[in-house]
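S.K.: The structure under discussion is supplied below as C-alpha cells; questions concerning it will follow.
The values are calculated or read from the model by the stated rules, or taken from the named source; none is laboratory data. Note that the coordinates shown come from a computational prediction; the quantities given were computed from them, not determined experimentally. Positions of Cβ are backbone-derived with ideal geometry, glycine not excepted, and every protein chain shown enters the neighbour counts.
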C-alpha cells in the first residue's frame, strides 16, 4: 500500500510526467508496477525518492516527510476505523504498536514495520521512540504532522536522532498547545 500511495503522491504533487520520468530513471525489478496488497523491496521506494529529488530539485528528507503527511491522509481514507475510536492525535499515536501495527500485520503478514514505544509526560506531552533499520524517521515525522492536522491540533514537535544521524532510532517529543 505504501508503494501505491507513493506513486499517487508523486502524481498529485508533480504530475503524471514526473511519475513516468521517475520510474524510467530507476532500475526497478517491478518496473514500477505495484498493487496495494503486494510486498516490495524497500530499496525500490528509496530509488524512486532519490530520483524524484533529482527531477524536482528538492531534498530527499523533505520529500519523504511530505509523503508521510500525504500517507496519513491515505490511511485515514482507506481505513477510517483507525481514527474512529480516538479523540485526539496523542490517543492515536499511543496505539501505533499495540493496535495499528497488529491490524497491519493481519493484512500484510510479511510487512517489516518499524517499532514505536511511547511515554506520556503529562496530559499535553508525549514522547515517541521510533526504531527501524530502514531509517525512515522523515516518513514517521510526516505521518505525525498529518495526524496533528487531521485532529486540527497545534502540536510542537521536537526530533532527536539517537542513532548519530542514521535516522534508525529517533525520539519525537510532542507538546500540545494548551488553550
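S.K.: Please enumerate the residues belonging to region 43-65 that are at negative phi and assigned to a loop (DSSP other than H, G, I, E, B).
M.R.: Those that are at negative phi and assigned to a loop (DSSP other than H, G, I, E, B): 58, 59.
S.K.: Would you mind finding the one in 76, 37 that is under 16 Å from the mean Cα position of the chain (by Cα), in contact (Cβ under 8 Å) with a residue 12 or more places away in the chain, more than 15 Å from residue 139 (Cα to Cα) and not assigned by TED's automatic domain parsing to the domain that holds residue 143?
M.R.: After ruling out the rest, the residue left standing is 76.
S.K.: Would you be able to say whether some residue in region 1-9 is part of a loop (DSSP other than H, G, I, E, B), under 24 Å from residue 130 (Cβ atoms) and under 13 Å from the mean Cα position of the chain (by Cα)?
M.R.: Yes, some residue in region 1-9 is part of a loop (DSSP other than H, G, I, E, B), under 24 Å from residue 130 (Cβ atoms) and under 13 Å from the mean Cα position of the chain (by Cα).
S.K.: Here is a follow-up. When you scan region 16-34, how many residues do you find that are in a loop (DSSP other than H, G, I, E, B) and within 21 Å of the chain's Cα centre (by Cα)?
M.R.: Result for region 16-34: 3.
S.K.: Against the condition in contact (Cβ under 8 Å) with a residue 24 or more places away in the chain and at positive phi, how does residue 32 come out, does it pass?
M.R.: It is true that residue 32 is in contact (Cβ under 8 Å) with a residue 24 or more places away in the chain and at positive phi.
S.K.: Let me ask something else. So which residues in region 136-166 are part of a strand (DSSP E or B) and either over 22 Å from residue 87 (Cβ atoms) or in contact with a helix residue (DSSP H, G or I) (Cβ under 9 Å, 6 or more places away or on another chain) (or both), if there are any at all?
M.R.: 155, 157, 158, 159, 160, 161
S.K.: Next up: Would you confirm, using the coordinates I've provided, whether residue 112 is surrounded by fewer than 19 Cβ atoms within 10 Å (Cβ to Cβ) and either in contact with a strand residue (DSSP E or B) (Cβ under 7 Å, 6 or more places away or on another chain) or in contact (Cβ under 8 Å) with a residue 24 or more places away in the chain (or both)?
M.R.: For residue 112, the condition - surrounded by fewer than 19 Cβ atoms within 10 Å (Cβ to Cβ) and either in contact with a strand residue (DSSP E or B) (Cβ under 7 Å, 6 or more places away or on another chain) or in contact (Cβ under 8 Å) with a residue 24 or more places away in the chain (or both) - is met.
S.K.: Within region 119-135, identify whether any single residue is outside the structural domain of residue 50 (by TED's automatic domain parsing), within 30 Å of residue 18 (Cα to Cα), outside any helix (DSSP H, G or I) and touching a residue at least 40 places away in the same chain (Cβ under 8 Å), and answer yes or no.
M.R.: yes
S.K.: What is the one condition in (1) within 19 Å of the chain's Cα centre (by Cα); (2) surrounded by 14 or more Cβ atoms within 10 Å (Cβ to Cβ) that residue 12 does not satisfy?
M.R.: (2)
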